[in-house]
Amino acid sequence: MPGAALWLICALVLASAEALTGDMFLLMLGGGALAASAASWLADWPIWADGLVFLIVSVLLLVLVRPALRRRLTPGAPQLGIEALEGRSALVLDRVARDAGQVKLDGQVWTARPLNDGDVYEPGESVTVVHIDGATAVVFRTA
């Protein structure tokens, strides 16, 4: 059996095995085997040269393509609870100072305090929630 056919069979086996793992690792090796098959078919190189093509293309795919592909296909974990409120905008309802204040955050009224003790936010200002400390939203002024 010619070398091109062997590399093609190897590429198909690796791509099929990827369906079981979903990690994109075997798919990149399958791409390297496909490139080695094409090189073997187009040029009459010795088998070690085809192996070198397989190695180089596989490494390039693993380093350059796989991370971008995984970022694109793997969604980030959705934030739930109070973690989902961090980074959101809020409207100051009652003057926010070191000791007291209220903001409207996601349709609910929250007790608030500024991130920096010396900051004071007046009613009507827009602020951003830095984090939630117990039942208090720690906020700073939106630029």
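The values are calculated or read from the model by the stated rules, or taken from the named source; none is laboratory data. Since we're looking at a predicted model, the values are computed, not measured. When we count neighbours, we look across all protein chains shown, and the Cβ atoms used for this are built from the backbone with ideal geometry, even at glycine. Each accessible area value is taken on the protein alone, full model and side chains, heavy atoms only, with ligands, DNA and RNA left out. Shrake-Rupley method; radii C 1.70, N 1.55, O 1.52, S 1.80 Å.
Among rounded, prolate and oblate, which fits segment 2-73 when a ≥ b ≥ c are the square roots of the eigenvalues of its C-alpha gyration tensor, a/c under 1.5 means rounded, and a/b larger than b/c means prolate? Working shown, then result.
Numbers: a/c = 3.19, a/b = 1.73, b/c = 1.84.
Oblate, since a/c reaches 1.5 and b/c is not below a/b.
Can you list which of the DSSP-assigned H helices in the chain have a Cα extent of 18 Å or more along the long axis and an average Kyte-Doolittle score of at least 0.5? Let's see the in-between values first.
Values: long enough: 3-21 (27 Å, 1.83); 25-42 (26 Å, 1.61); 47-60 (20 Å, 2.29).
Both cut-offs are met by 3-21, 25-42, 47-60.
Just the number please: accessible area per residue for segment 53-138, 1.4 Å probe, all protein chains included, in Å². Could the numbers behind the result be given before it?
Details: 5510 Å² over 86 residues.
That works out to 64 Å² per residue.
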> Probe 1.4 Å, all protein chains in place: accessible area of Thr142 in Å², nearest 10?
Replying inline: 50
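Just to be sure I follow the definition: excluding the sites themselves, where is the longest run in the chain that has none of the trypsin sites (Lys or Arg not before Pro) in a DSSP loop with at most 16 other Cβ atoms within 10 Å? Before the final figure, lay out each step's value.
Values: sites that count: Arg88, Arg95, Arg98.
Looking at the chain, 1-87 is the longest stretch - no exposed trypsin sites (Lys or Arg not before Pro) with at most 16 other Cβ atoms within 10 Å.
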> Of the heavy-atom accessible surface of segment 2-73 (probe 1.4 angstrom), what whole percent is carbon and sulfur?
Replying inline: 77
> For segment 84-141, which whole percent of the accessible surface, found with a 1.4 angstrom probe, sits on carbon and sulfur atoms?
Replying inline: 44
> With charges set only on the Cβ (+1 for Lys and Arg, -1 for Asp and Glu), what does the dipole of segment 1-112 come to about its Cα centre, in debye to the nearest 20?
Replying inline: 340
>> Just to verify a number: what accessible area does Asp119 come out at with the full protein assembly present, 1.4 Å probe, Å² rounded to tens?
In response: 50
> Can you give the helix-only mean residue ellipticity at 222 nm for the chain, where every DSSP H stretch with n ≥ 4 adds -39500 (n - 2.57) and the sum goes over all residues, rounded to the nearest 500 deg cm²/dmol?
Replying inline: -13500 deg cm²/dmol
> What nm value, rounded to one decimal, do you get for the distance between Arg98 and Leu6 when each label is placed 7 Å out toward the C-beta?
Replying inline: 7.8
> Using a ≥ b ≥ c from the Cα gyration tensor of segment 84-141 (square roots of the eigenvalues), is it rounded, prolate or oblate, where a/c under 1.5 gives rounded and otherwise the larger of a/b and b/c decides, a/b for prolate?
Replying inline: rounded
